[in-house]
Every structure is written in structure tokens, then in C-alpha cells.
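Notes follow the structure.
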Amino acid sequence: MTTIKDAYRKFSTERFGLPSESQLDELEKRIGVAFPEDYRRFVLEFNGGYFSEPEIAPVGQGCPKDGLTCLHGIGASHKDAELGRPSRLALFDDNDPPQIVPIGHTGMGGLIILITRPEGRGAIFLKQAFGDFYHLADGIEEFFELLRVPTWG
């Protein structure tokens, strides 16, 4: 998780306190999901936080430029950043039990989402506000590899 550690050092403006494994287990039980192992490790070692809006390098044709504002966490400092909020899980039709879990948001109002269903498990997408879905990465470490100093100015 060196890539993640480097990104936090470079772009983090606020880190949430680390949860216990039992808090993470309780969240999974409450929302009815089992997170992929790499994402579980991420939550236990980093637990989200706020970022200085590093650019998420566009992946594939048509993928828009956007900046990472927040990765949700357990016990976040603001309610809007709490991982597993029922209102966020309810944004997607037929998402009970959750197959799509919003794990962050962007400066342009997009959502960073994690796929939890067996096919595509662990994939991370950008869901544009009022727009399309764009596949970004196949795991949390790969997602962090996309963060860079913004090219806009």
C-alpha cells in the first residue's frame, strides 16, 4: 500500500481516525455487504479522509477529468463523509443488498463507487453527477495510482 501512503502524504488534507476491525465488521453486517480484502485493509490502515482535489487521471475514451474531494470512512468528521450511509446506498435501484457502495465523491459532484457483487468485485467506478459510469480501477491501490497533481489551473 505504498502508493496509497504516498498519495495521502501528497494530497490528504484531513485523515479520519482509524476504526477497529470490529467496527468494520459491524458496518459490513449493518449494510449487508462483504468488502473485498484490499478495500478492508485500506479502511483499517487509512479509513478515508478529505483530499486537495488531486486529478483522477481519465481512463478510457470519454472519461471526464475530475478531482478527488473525499473518500468516505467509518466515524468520519462530517456526516456527508460517513461510509455506508443508507441514503447513499439507496441512490441505485435494486441495490439491496448493496452491490454498489459509494466510497467517495469528487469536486464535480461525482461519486466514487465500489462494486461488491461477485462479477466485477472490487472494481472502482466514477459515476458522474447526472451522467455515465466510468471504470477507473480494479482495486483500491490501482485507484490511488490514478491520482496526480491537477493539469487544470
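Using 0.36 nm per residue, how much length does the chain from Asp38 to Met108 gain when fully extended, once their Cα-Cα distance is taken away?
Numbers: separation 70, 0.36 × 70 = 25.20 nm, distance 2.67 nm.
Gain on stretching Asp38 to Met108: 22.5 nm.
Between Ser87 and Met1, what's the calculated FRET efficiency when r is the beta-carbon distance and R0 is 35 Å? Round to 0.05. Efficiency, rounded to the nearest 0.05: 0.75.
Calculate, for Ala57 and Thr13, the FRET efficiency according to 1/(1 + (r/R0)^6) with r their C-beta to C-beta distance and R0 25 Å; round to the nearest 0.05. The formula returns an efficiency of 0.80 here. Short to long, the 10 Å bins of the Cα pair-distance histogram for region 62-153 hold 16, 51, 30, 3, 0 percent of all pairs.
How long is the gain from Trp152 to Lys79 if the chain were fully straight, where each residue apart is worth 0.36 nm and the alpha carbon distance is subtracted?
Separation in residues times 0.36 nm, less the Cα-Cα distance, equals 23.3 nm.
Full extension of the chain between His135 and Asn95 yields a length gain of 12.5 nm, computed as 0.36 nm times the residue separation minus the alpha carbon distance. Per residue, the chain reaches -7000 deg cm²/dmol at 222 nm when only DSSP H runs of four or more residues are counted, each adding -39500 (n - 2.57). A Cα-only calculation for region 2-148 places Rg and Dmax at 13.9, 41 Å.
No lab work stands behind these numbers, since they all come straight from the coordinates. Quick caveat, the model's predicted, so the values are computed rather than measured. Positions of Cβ are generated from backbone atoms using ideal geometry, with glycine treated the same way; all protein chains shown enter the neighbour counts.
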